[in-house]
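Here is the structure we will look at, set down as structure tokens.
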Amino acid sequence: MKQNLAVDVLCVGHASYDLIFTVDYHPKSDEKVFANNFLGCGGGPAANAAVQIARLGGTTAFAGYLGKDLYGEKHLQEFIESGVDSSLIIRGNFPTPLSTILVKPDGERCLINYKGQTQPLLENTIDFSHINPTVILFDGHEPDISLPLAENAQKANIPIVLDAGSLNPSTYALLSKVDYAVCSEKFALQLAGNVEVALQQISDLAPTVVITLGEKGLIWKKGNKQGKLNALIIDAIDTTGAGDAFHGAFAYGVAVNMDWDELLIFSSVAGSLCCQKMGARLGLANLSEINSACYQYHDTFAKSIPL
């Protein structure tokens, strides 16, 4: 019989291995470019969020898939070294998903993801009965295990955070089952063609909505109140993982009962700090670094103001 495991945040979703190249510009058709730097590290929205939570001193577990290959071994070792519980990871003979990322000097990137024949995990593949999370974070990449788990979490009054990065059937299906829908600008535009319209539409499904807008900050709606928050002004090196850092910090903040304005600022700073180093994993800041940046830039952020 498995021993019960209490964690601040259970992160459910996608894990990949990232191959990150810095280039002067993104190549055109039939053009060869040379990389200035290279980094290999674990990646994936829910996986990065789990590592971010661990860096903050929170307890966390990741539920998802890793292949029995070199990249799966490397990623698993990163989880172990970071303090992320790995007991809910399923290992298999299909490959660990790979992402090749080309990063320009201004921090903008393009990404190629390869999953091969790797498919989402089937319902009941993972036994969640021994896990007792304060908060659950989904990234929408494992729909068959996420939807039933979300329904059970609703019955148990466990807060759920959704990382809605892009619009697809599984992410949309989770919207009505979560307490916090934290969506990218891409998701909002795919849904409604306009972020303000999307904010209202999503709020009909989820009680609290945040739409992150990169360097333009974010907008939010919580019940009958709504507002916006300016972004931190930074010199971005690599935007890879910024959203994952935001979601991890946000879920951690929900778990420790941060007040709303503090939660938004804390999460925004985590995302901004991630942009200032190459690769998502290297950019995931610890609690001291984020608290210091929150204090330093408090006058920049002030408070979230009404729309």
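Filtering segment 128-139 to residues that are over 13 Å from Asn152 (Cα atoms) and either surrounded by 20 or more Cβ atoms within 10 Å (Cβ to Cβ) or out of contact with any helix residue (DSSP H, G or I) (no Cβ under 8 Å at 6 or more places or on another chain) (or both) leaves His130, Leu137, Phe138, Asp139. Looking only at segment 28-57, residues that are in contact with a Leu (Cβ under 9 Å, 6 or more places away or on another chain), farther than 25 Å from Pro95 by Cβ and modelled with pLDDT under 95 come to 1 in all. Within segment 21-32, the residues that satisfy the criterion of being in a loop (DSSP other than H, G, I, E, B) and closer than 16 Å to Glu108 by Cα are Val23, Asp24, Tyr25, His26, Pro27, Lys28. Evaluate segment 237-254: report whether one residue or more is buried (at least 20 other Cβ atoms within 10 Å of the Cβ), touching a residue at least 24 places away in the same chain (Cβ under 8 Å), in a strand (DSSP E or B) and in contact with a Ser or Thr (Cβ under 6 Å, 6 or more places away or on another chain). Checked against the condition, which is being buried (at least 20 other Cβ atoms within 10 Å of the Cβ), touching a residue at least 24 places away in the same chain (Cβ under 8 Å), in a strand (DSSP E or B) and in contact with a Ser or Thr (Cβ under 6 Å, 6 or more places away or on another chain), segment 237-254 yields no hits at all.
Checking Leu70 against (1) surrounded by 13 or more Cβ atoms within 10 Å (Cβ to Cβ); (2) among the aliphatic types (A, V, I, L, M); (3) closer than 30 Å to Thr125 by Cβ; (4) more than 17 Å from the chain's Cα centre (by Cα), which test does it fail? Failing condition for Leu70: (1).
Look at (1) closer than 22 Å to Gly283 by Cβ; (2) crowded, with 19+ Cβ neighbours inside 10 Å; (3) out of contact with any Phe, Trp or Tyr (no Cβ under 6 Å at 6 or more places or on another chain) and you find that Tyr65 fails only one, number (1). With the requirement that a residue be surrounded by 13 or more Cβ atoms within 10 Å (Cβ to Cβ), under 21 Å from Glu142 (Cβ atoms) and over 18 Å from the mean Cα position of the chain (by Cα), what does segment 91-113 give you? Passing the criteria: Arg91, Gly92, Phe94, Pro95, Thr96. Name, by its number, the condition in (1) under 25 Å from Val269 (Cα atoms); (2) free of Cβ contacts under 8 Å to residues at least 24 places away in the same chain that does not hold for Cys41. With respect to (1) under 25 Å from Val269 (Cα atoms); (2) free of Cβ contacts under 8 Å to residues at least 24 places away in the same chain, Cys41 is out only on (2).
The values are calculated or read from the model by the stated rules, or taken from the named source; none is laboratory data. The structure displayed is predicted, hence computed values, not measured ones. Neighbour counts are summed over all protein chains in view; Cβ atoms, including those assigned to glycine, are modelled from backbone coordinates with ideal geometry.
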